[in-house]
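Visitor: Below is the structure I would like to discuss, written out as structure tokens.
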Amino acid sequence: MMFALVTFFRLCELPMKVNGIPQRTIWPTTDNQAVEIVDQTKLPHEFVTVRLNTMRDAERAIRDMQVRGAPLIGVTAAYGVALSMRHHASDAALQATCDMLLAARPTAVNLRWGVERMRALLAPLATEQRADAAWREAALIAEEDVEINKAIGRYGCDIIRTIHQRTGRTVNILTHCNAGWLATVDWGTALAPIYAAVEEGIPLHVWVDETRPRNQGASLTAWELGQHGVAHTVIVDNAGGHLMQHGKVDMVIVGCDRVTARGDVCNKIGTYLKALAALDNGVPFYVALPTPTIDWTLQDGVNEIVIEERTAAEVTHISGLADDGQIYTVRVTPPDSPVANYGFDVTPARLVTALITERGVVQADEKSLRELLL
Ligand code: MRU
């Protein structure tokens, strides 16, 4: 108990940093007229921040994936509503704003959660009260995200510590996509337990799936782990099964974009294959999530969750930094080959060892999930 408390207070003192300087992924400008974000399309080669002045800026940032990751999408959408209320606070404007933001990306339920929370607060208010109330609520949602992720970090750290105590050696953790600091306001979901464990001095190493086609693992997870001095190795997406067969993975932790009431998990494309390989090799497969990622309206994730299909260009082309210091984009497929680009897949609950939430670690089933809310 004492150990966990010490870890908790240390976590509170040590937010995520870039080049040693504390940095969130989204924050209000000092005049409270806009918000700024880290432009994730520029990482890992450039650290660039962008000012969002309007709801349309926020919507574009989500659509173009300057911000991405389910919790951060939700927070950005909430600020999008707040930015809109500054200019137009009528019922019609509120409706149009919510509709536009909801259409930005389909799969992460946190987008709907953030927008609907804003709408529920604002709709009953007089129009002249909406702008200030919206700004306060968006800031509150952002702060709550930080607290939620710290709690996920504590619970997940307990699991990592237990594995370390059992094996007495470095804990090898495999993760897919980016469910770290960059996918949230601070700390991350799947990476929060890793940061907490490193902070506690538990020796660990992270296998980072590159996560084609957008390479969130290679570009974002590797970068943020590097910023925090966490030992890691980038691997191609298909390497995980091989590593598990050879005893080189002690646990898998991933994030998620939507969890159904019965515990099916939707996350970045390729997650399902990792869960299958984990089951075959007796490797525990954990999913970290804030409770707003639970979609209580759905049961069967495979058949009910809308999977985002993205542009073929993400598959046909790849960008990177050349030796001359310039970013180039090159084609990797024959010009006439058709392409399909599914952004996410669903891992059935039966393949999930447990869900790590801010309220505790639970089995992936409806009874356990509902008990979380009691
Ligand atoms: O397409 P992205 O980059 O938004 O996908 C992100 C993921 O799949 C993450 O694992 C998920 O959103 C959880 S983020 C804490």
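Visitor: Under the definition of Cα pairs under 8 Å and six or more residues apart, what whole-number percent is the relative contact order of the range 19-166?
Guide: Relative contact order of the range 19-166: 19 percent.
Visitor: Limiting things to C-alpha atoms, what are the Rg and the maximum Cα-Cα separation (Dmax) for the range 1-150, in angstroms?
Guide: Rg, Dmax (Cα atoms, Å): 16.1, 53.
Visitor: Sketch the reach of a paramagnetic label on VAL48 as a point 7 Å from Cα along Cα-to-Cβ, and name the residues of the range 209-243 whose backbone nitrogen lies under 17 Å away.
Guide: From the range 209-243, the list is 219-220.
Visitor: Can you tell me the relative contact order of the chain? Whole percent, Cα pairs under 8 Å, sequence separation 6 or more.
Guide: 15 percent
Visitor: Further, regarding this structure: Before anything else, pin down the relative contact order of the range 300-361: Cα pairs under 8 Å, at least 6 apart, normalised by residue count, whole percent.
Guide: 38 percent
Visitor: What FRET efficiency comes out for the pair ARG60/LEU276, r = Cβ-Cβ distance, R0 = 45 Å, nearest 0.05?
Guide: With a Förster radius of 45 Å, E is 0.80.
Visitor: If each residue of separation counts as 0.36 nm, what is the full-extension length gain between LEU374 and THR297 once their alpha-carbon separation is subtracted?
Guide: Length difference between fully extended and current span is 25.9 nm.
Visitor: Any idea what the dipole of the chain comes to, in debye rounded to 20, about its Cα centre with Lys/Arg Cβ at +1 and Asp/Glu Cβ at -1?
Guide: Roughly 420 debye for the chain.
Visitor: 222 nm [θ] for the chain, helices only, -39500 (n - 2.57) per DSSP H run of 4+, per residue, to 500?
Guide: -12500 deg cm²/dmol
Visitor: While we're here: Could you work out how far helix 271-281 tilts from the main Cα principal axis of the chain, as a 0 to 90 degree angle to the nearest 10?
Guide: Tilt relative to the chain: about 20 degrees.
Visitor: Need the full-extension length gain, TYR328 to ASN19, defined as separation in residues times 0.36 nm minus the C-alpha distance. One decimal, nm.
Guide: The span from TYR328 to ASN19 would gain 108.7 nm if fully extended.
Visitor: Now, a different point. Which angle between 0 and 90 degrees, to the nearest 10, do you get for helix 70-87 versus the longest principal axis of the chain when only C-alpha atoms count?
Guide: Tilt of helix 70-87: around 10 degrees.
Visitor: Under the classification rounded if a/c is under 1.5, otherwise prolate if a/b is larger than b/c and oblate if not, where does the chain fall, given a ≥ b ≥ c as square roots of the Cα gyration tensor eigenvalues?
Guide: Rounded, since a/c falls under 1.5.
Visitor: I'd like to know which of ILE62, GLN40, LEU121 lies farthest towards the positive end of the charge dipole of the range 14-159, counting +1 on Cβ of Lys and Arg and -1 on Cβ of Asp and Glu.
Guide: Farthest along the dipole direction, towards plus: GLN40.
Visitor: Of the residues LEU276, LEU121, LEU321, which exhibits the maximal mean-square fluctuation in a Gaussian network model of the chain defined by a 10 Å Cα contact cut-off?
Guide: Per the Cα network of the chain with a 10 Å cutoff, LEU321 tops the list.
Visitor: Percent antiparallel among DSSP beta bridges with both residues in the chain, to the nearest 5?
Guide: Antiparallel: roughly 55 percent of the beta bridges in the chain.
Visitor: Could you check what % of the DSSP bridge pairs in the range 232-374 are antiparallel, to the nearest 5?
Guide: Counting only bridges with both partners in the range 232-374, antiparallel ones make up about 65 percent.
Visitor: Report the full-extension gain for the segment GLN95 to THR233: residue separation times 0.36 nm, less the Cα-Cα distance, to one decimal in nm.
Guide: Gain on stretching GLN95 to THR233: 45.1 nm.
Visitor: Still on this structure, I have one more. Please rank LYS367, LYS274, LYS17, LYS248, fewest neighbouring Cβ atoms within 10 Å first, as an exposure proxy.
Guide: LYS367, LYS17, LYS248, LYS274
FYI, it's all coordinate maths here, none of it is from the lab. The structure presented is a predicted model; accordingly, all values stated were derived computationally and were not measured. A quick note on method: Cβ atoms are made from the backbone with ideal geometry, for glycine too, and the neighbour counts reach across all protein chains shown.
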